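First the structure, in the form of structure tokens, and then the observations on it.
The values are calculated or read from the model by the stated rules, or taken from the named source; none is laboratory data. Being a predicted model, the structure only gives us computed values, none of them experimental. Glycine also receives a Cβ, built like all others from the backbone with ideal geometry; neighbour counts cover every protein chain displayed.
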Amino acid sequence: MPVSDFQVVLGLEVHAQLLTKTKIFCGCTTAFGGEPNAHTCPICLGLPGVLPVLNARVLELAVLTGLALGCRVKESSVFARKNYFYPDLPKGYQISQYELPICEGGAVPVALGGVEKGVRLTRIHMEEDAGKNVHDVAADGSSGVDLNRAGVPLLEIVSEPDLRSVDEAIAYLKSLRAILMTLGVNDGNLQEGSFRCDANVSVMPRGSEKLGTRCEIKNMNSFRFLRQAIDFEVRRQVALIEEGGKVVQETRLFDPDRGETRSMRSKEEAHDYRYFPEPDLPPVRVPPELVERMRRALPELPHARAARYRRDLALPAHDAELLVAEKETAEWFEAAVAASGGAPEAAKKVANWVNGELARLANESGLAASAWKITPARLAAVLRLVDAGTLGGPGAKQVVEEVFRTGAEPDAVLGARGLAQVSDEGAIEAAVDQVLAASAAEVERYRGGNTKLMGFFVGQVMKLMKGKGNPALVNAVLRRKLGG
Amino acid sequence: MTRGAEELGRLGLAEAGDAVGRGEVSARALTEAALARIDATDGKIGAFLRVAPERALAAADAADARARGRTRRSAIDGVPIALKDIFLTRGLETTAGSRILQGFVPPYSATVVERLEAAGAVVTGKLNMDEFAMGSSNENSAFKPCRNPWDLARTPGGSSGGSAAALAARQVHGTLGTDTGGSIRLPASFCGVVGVKPTYGRVSRYGVIAFASSLDQPGPLGRSVRDAALLLQVIAGHDPRDATSSTRPVDDYLAPLEGGARGLRVGVPREWLAGGLEPGVERAVRAALQAYEAMGATLVDVSLPHTRYGIAAYYLIAPAEASSNLARYDGIRFGLRAEARGLRELYAETREQGFGAEPKRRIMLGTYALSSGYYDAYYLRAQKVRTLVRRDFDEAFRTCDLVAGPVSPTVAFRLGEKAQDPLAMYLADVFTITANLAALPGLSVPCGQDAATGLPVGLQLVGRPFDEVTLLRAARALERELPPPALPEVG
């Protein structure tokens with residue numbers, strides 16, 4: 001059977017660093033970077049005698065996330081110790097949640113190919129991050145441990161095996177990421193590892209109900225690597241079954257240099273984490289007042305925002321999805337629509353700019369919408385110039401690019417660069433005459449019935465006018481002269 | 001040792017504090033006397049793992065300056081005490097009686113140490129103990145045994161052996177210990193002093209090296225009930241750094257102390273006197289119960305049927321938690337690090353060399369009890385027993401205000417007597433363990449001597465949660481009615 005005869009089944013575990021100022025069980029800063037072990041204290045170093053105290057903000061953000069994703073937020077949940085030895089784990093155990101997590105159930109809305117689907121969640125729990133081992137730094141070849149990250153708060157968000165393709169998995173992650181960023185819970189940074197993902201991958205023959213044996217894939221720190229890793233893993237599992245073999249349950253590590261996954265540890269080698277309730281922390285209580293407070297603090301979520309764009313601004317679904325993926329972009333978009341009068345026609349024009357030229361410029365510069373030098377008001381000014389016929393399409397693009405880079409006023413750019421559209425009929429006629437005179441053969445063929453050549457004439461005229469000719473007038477003049 | 005040093009050693013904690021307050025003696029003189037007594041007697045006793053003379057004298061001089069400036073901080077300002085080596089002391093080596101922590105100088109102090117020092121107490125040094133508080137005889141100290149001042153061939157009890165022996169030998173005026181299954185009450189009983197295990201959560205565990213986190217509780221030892229109450233008053237109370245510490249306001253332990261026993265309903269758990277006690281212990285305990293009746297208390301027959309499951313439950317829960325708590329001793333960040341090639345060997349060698357036999361035994365027990373497939377049968381079931389033990393007490397406290405009985409089935413046993421038999425050693429705690437499982441306050445107060453050996457016997461009192469007041473008042477009443485035997489002369 002080829003790969004296409006198999007159904008891919010995916011479940012994802014996301015680790016999202018919470019945007020708190022301090023660590024989950026001590027007062028150290030969560031700031032990224034810093035000299036190794038600069039952001040540590042006896043508690044996150046795991047010195048003898050220390051005790052954890054839960055950061056109240058962590059609980060708030062967990063509750064907020066649970067509410068946003070429609071989870072059952074548990075009135076009582078329990079921290080547990082996950083025991084294993086590793087140098088980056090100072091206490092020899094990670095404080096996590098096990099049998100009684102803070103949130104159960106819920107779903108992440110995922111839109112793919114115009115179809116909306118809720119990907120069910122198993123659970124969300126709170127836990128502390130580990131530090132990291134540092135190799136090849138010391139002159140004597142010994143390794144070091146940096147515990148700056150140890151104790152940074154995480155939410156682990158576990159999906160059901162509801163995902164049926166890599167595209168769905170990526171759409172799920174993008175939707176979840178956008179939600180967490182909108183909530184202000186996570187910064188969405190995959191490269192720095194503040195939004196990380198492990199994938200449980202299995203395959204089964206199409207039509208089968210019985211899930212295949214899964215492998216857990218780790219170490220994918222970009223959407224591209226996730227796609228590569230899952231694609232590789234699916235092919236590997238299918239090939240294994242094709243050869244009459246069996247998939248073995250194991251943890252596999254993605255190697256981005258080779259684009260493949262390789263075995264890290266088998267089920268037999270899997271740690272026995274010896275979970276038990278953390279005796280140093282009483283059960284976590286979530287009083288109804290906290291739930292109410294967080295409910296009131298819930299911002300409009302990306303999918304609700306997209307629905308509003310479709311409904312109130314008559315935007316196509318695709319446009320709306322792109323706009324809401326980043327909270328700042330959506331806010332910028334709304335400000336620009338407002339500055340342009342707020343009508344659906346204006347909204348569509350703004351959306352085209354934001355998802356097109358501005359997205360390209362933002363991508364090149366790496367700037368988030370809040371840092372753009374082109375303000376919503378400046379884009380609105382560009383739109384007005386276009387509507388007034390002062391600025392043509394190519395000119396507008398140049399103006400926007402320059403405003404994006406410099407923050408200058410569109411009017412000024414237009415004047416300084418001489419980008420104003422030419423609507424003077426005399427000037428256009430002169431240009432048209434010049435083009436037609438130089439293209440006798442094409443004129444002959446056009447008049448013989450090859451009307452497709454109109455595009456050629458328009459292009460020639462525009463080229464001559466350095467792109468500034470009013471397209472409608474250029475067309476009208478050409479038609480009149482050629483028809484005569 | 002000078003005659004003066006010996007005389008000063010006879011002062012209780014409260015008396016010594018009063019003497020400093022009245023200007024009759026300086027903190028420096030008290031401290032020099034304590035250091036002299038430690039110097040003279042500790043070669044025989046072995047109560048101290050570390051004496052800190054400079055630190056102590058500096059603290060004493062500061063206390064004297066306050067006394068002169070009439071800015072005394074508390075009733076114990078300037079009085080020499082000592083701490084079980086399980087309490088972290090900033091700048092002063094702390095080992096929990098283990099080689100794996102040899103040389104570990106903490107960068108911070110335990111909350112209770114901060115509170116004692118803020119009250120002006122003079123810390124003279126760190127006291128001997130069973131390694132990581134695992135033991136009932138102090139023989140599991142990695143460094144040296146501690147001996148009972150009543151009979152140097154005998155154990156002072158454990159795990160806070162040094163804390164009780166230092167008091168019985170009159171080296172200092174008060175000490176702190178910790179009690180996970182009886183580790184304050186047993187040595188107090190064996191050494192003829194008073195030891196209090198407060199309600200779980202009454203005293204902060206921050207900066208106290210963890211053995212079994214859900215059972216550990218620091219507490220005071222004194223040569224009198226008042227001394228112990230005075231120390232408890234200083235160390236008790238909520239600590240924002242310990243999430244399991246109670247926010248309940250701390251009662252005044254001293255004012256009601258002389259309230260007597262009249263009208264008190266003293267529960268006598270029939271399972272605690274059902275045989276198995278040494279005759280000398282049983283006689284002393286029954287005499288104490290009679291004394292309560294004589295003072296106008298009522299004896300009430302109560303039942304604690306799950307007492308006999310206490311040891312089994314305890315020896316699943318405590319090792320399980322210990323196996324996890326001791327994982328941080330890995331040679332990476334502090335303490336002992338063995339020479340090794342590679343990570344696994346580093347772990348294995350460090351822990352092989354650093355831990356003694358008892359911690360290793362308990363790490364293995366606990367690891368097993370928590371392993372996949374065994375958790376429900378062991379750890380979870382033990383937790384259920386714990387609930388039943390607590391219910392026994394709740395039921396008993398419907399008809400009595402506290403329960404009274406033996407601390408231990410025996411008086412202090414000989415060094416080496418049970419060292420090779422862990423199970424026999426574990427049984428020394430059969431009566432004390434239930435108070436830890438149920439998170440209740442308990443204490444040991446001297447109630448007589450064994451006729452055959454002359455060794456002291458302690459009476460155990462266990463009370464309602466956070467009702468240390470009643471326990472201390474009842475203990476004080478007994479102390480008045482049956483004055484404890486004079487402490488032995490170690491000289």
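Restricting segment B:317-341 to residues that are of a type in the set (A, V, I, L, M, F, W, C), surrounded by fewer than 24 Cβ atoms within 10 Å (Cβ to Cβ) and in contact (Cβ under 8 Å) with a residue 40 or more places away in the chain, the residue that is farthest from B:Gly356 (Cα to Cα) is B:Phe334. Go through the residues of segment B:243-250 one by one and say whether even a single one is without any contact (Cβ under 8 Å) to a residue 60 or more places away in the chain, within 14 Å of another protein chain (Cβ to nearest Cβ) and under 20 Å from the mean Cα position of the chain (by Cα). Looking through segment B:243-250, at least one residue is without any contact (Cβ under 8 Å) to a residue 60 or more places away in the chain, within 14 Å of another protein chain (Cβ to nearest Cβ) and under 20 Å from the mean Cα position of the chain (by Cα).
Just wondering, is there one or more residues in segment A:247-257 that are outside any loop (DSSP other than H, G, I, E, B), in contact (Cβ under 8 Å) with a residue 40 or more places away in the chain and away from chain B (no Cβ under 14 Å)?
no
For segment A:112-152, what are the residues that are of a type in the set (D, E, K, R) and either within 14 Å of chain B (Cβ to nearest Cβ) or surrounded by 12 or more Cβ atoms within 10 Å (Cβ to Cβ) (or both)? Within segment A:112-152, A:Glu116, A:Lys117, A:Arg120, A:Arg123, A:Glu127, A:Glu128, A:Asp129, A:Lys132, A:Asp140, A:Asp146, A:Arg149 meet the criteria. For segment B:127-146, the tally of residues that are in contact with a Leu (Cβ under 7 Å, 6 or more places away or on another chain) and surrounded by fewer than 24 Cβ atoms within 10 Å (Cβ to Cβ) stands at 3. If you go through segment A:285-313 and keep only what is in contact with a Pro (Cβ under 6 Å, 6 or more places away or on another chain) and over 25 Å from A:Thr375 (Cβ atoms), you end up with just A:His303.
Residues checked against (1) free of Cβ contacts under 8 Å to residues at least 60 places away in the same chain; (2) within 21 Å of A:Gly389 (Cβ to Cβ):
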position: A:Glu442; (1), (2): yes, no
position: A:Val461; (1), (2): yes, yes
position: A:Gly467; (1), (2): no, yes
position: A:Leu473; (1), (2): yes, yes
position: A:Val477; (1), (2): yes, yes
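Out of A:Pro87, A:Pro109, one residue alone is more than 12 Å from chain B (Cβ to nearest Cβ) and touching a residue at least 24 places away in the same chain (Cβ under 8 Å). It is A:Pro109. Out of curiosity, is A:Leu281 away from chain B (no Cβ under 14 Å) and either free of Cβ contacts under 8 Å to residues at least 40 places away in the same chain or assigned to a loop (DSSP other than H, G, I, E, B) (or both)? The answer is no for A:Leu281.
Those residues that are part of a helix (DSSP H, G or I) and of a type in the set (Asp, Glu), I need them from segment B:322-354; list them, please. Quick ask: steps written out before the conclusion?
Taking segment B:322-354 and keeping what is part of a helix (DSSP H, G or I), we get B:322-328, B:343-354.
The answer is B:Glu345, B:Glu349, B:Glu352.
The condition of being under 24 Å from A:Ala178 (Cα atoms) and either in contact with a His (Cβ under 8 Å, 6 or more places away or on another chain) or among the β-branched types (Val, Ile, Thr) (or both) holds for only one of A:Val382, A:Val386, A:Val400, A:Val337, that being A:Val337. If the condition is being assigned to a helix (DSSP H, G or I) and buried (at least 21 other Cβ atoms within 10 Å of the Cβ), then segment A:172-217 contributes A:Tyr172, A:Leu173, A:Ser175, A:Leu176, A:Arg177, A:Ala178, A:Ile179, A:Leu180, A:Met181, A:Thr182, A:Leu183.
Residues that are over 31 Å from the mean Cα position of the chain (by Cα) and among the hydrophobic types (A, V, I, L, M, F, W, C) within segment A:259-282 comprise A:Ala270, A:Phe276, A:Leu281, listed in sequence order. Identify, please: which residue in segment A:19-38 is touching a Lys or Arg at 6+ places or on another chain (Cβ under 8 Å) and touching a residue at least 60 places away in the same chain (Cβ under 8 Å) and is, among those, farthest from A:Asn221 (Cα to Cα)? Among residues in segment A:19-38 that are touching a Lys or Arg at 6+ places or on another chain (Cβ under 8 Å) and touching a residue at least 60 places away in the same chain (Cβ under 8 Å), the one farthest from A:Asn221 (Cα to Cα) is A:Thr20.
Determine whether A:Leu385 is part of a helix (DSSP H, G or I) and touching a residue at least 40 places away in the same chain (Cβ under 8 Å). The answer is no for A:Leu385. Number of residues in segment A:430-451 that are in a helix (DSSP H, G or I) and either of a type in the set (Phe, Trp, Tyr) or surrounded by fewer than 16 Cβ atoms within 10 Å (Cβ to Cβ) (or both) equals 12. Note on segment B:175-287: enclosed strands (runs of 3 or more DSSP E) holding 1 or more residues that are more than 21 Å from B:Asp392 (Cβ to Cβ) are B:175-179, B:194-197, B:217-222. Of the residues in segment B:177-188, at least one is in contact (Cβ under 8 Å) with a residue 60 or more places away in the chain, in contact with a Pro (Cβ under 7 Å, 6 or more places away or on another chain), among the polar types (S, T, N, Q) and within 14 Å of chain A (Cβ to nearest Cβ). Checking each residue in segment B:99-121 for being outside any helix (DSSP H, G or I), more than 10 Å from chain A (Cβ to nearest Cβ) and among the small types (Gly, Ala, Ser) picks out B:Gly103, B:Ala119, B:Gly120, B:Ala121.
Sort through A:Ile43, A:Ile102, A:Ile95 and tell me the only one that's within 12 Å of chain B (Cβ to nearest Cβ), buried (at least 23 other Cβ atoms within 10 Å of the Cβ), in contact (Cβ under 8 Å) with a residue 24 or more places away in the chain and β-branched (Val, Ile, Thr). Give the derivation first.
Details: A:Ile102 fails: within 12 Å of chain B (Cβ to nearest Cβ); A:Ile95 fails: buried (at least 23 other Cβ atoms within 10 Å of the Cβ).
After applying the criteria, what remains is A:Ile43.
When B:Arg361, B:Arg381, B:Arg386, B:Arg391 are screened for being part of a helix (DSSP H, G or I), buried (at least 24 other Cβ atoms within 10 Å of the Cβ), charged (D, E, K, R) and over 19 Å from the mean Cα position of the chain (by Cα), only B:Arg386 passes. For B:Met1, the conditions (1) at pLDDT below 95; (2) over 26 Å from B:Asp151 (Cβ atoms) all hold with the exception of (2).
Considered as a group, the residues in segment B:75-93 that are aliphatic (A, V, I, L, M) and within 14 Å of chain A (Cβ to nearest Cβ) include one that is surrounded by the fewest Cβ atoms within 10 Å (Cβ to Cβ), and that residue is B:Leu92. If only residues of segment A:257-293 that are at pLDDT below 90, out of contact with any Leu (no Cβ under 6 Å at 6 or more places or on another chain) and not small (Gly, Ala, Ser) are counted, the one that is nearest to B:Leu316 (Cα to Cα) is A:His271.
Residue count for segment B:210-231 satisfying the condition of being out of contact with any helix residue (DSSP H, G or I) (no Cβ under 7 Å at 6 or more places or on another chain) and within 14 Å of another protein chain (Cβ to nearest Cβ): 2.
Return the residues of segment B:352-396 that are facing chain A (nearest Cβ under 10 Å) and either in contact with a helix residue (DSSP H, G or I) (Cβ under 8 Å, 6 or more places away or on another chain) or closer than 30 Å to B:Phe466 by Cβ (or both); say none if nothing qualifies. Scanning segment B:352-396 gives B:Gly366, B:Thr367, B:Tyr368, B:Ala369, B:Leu370, B:Tyr374, B:Tyr375, B:Tyr379, B:Leu380, B:Gln383.
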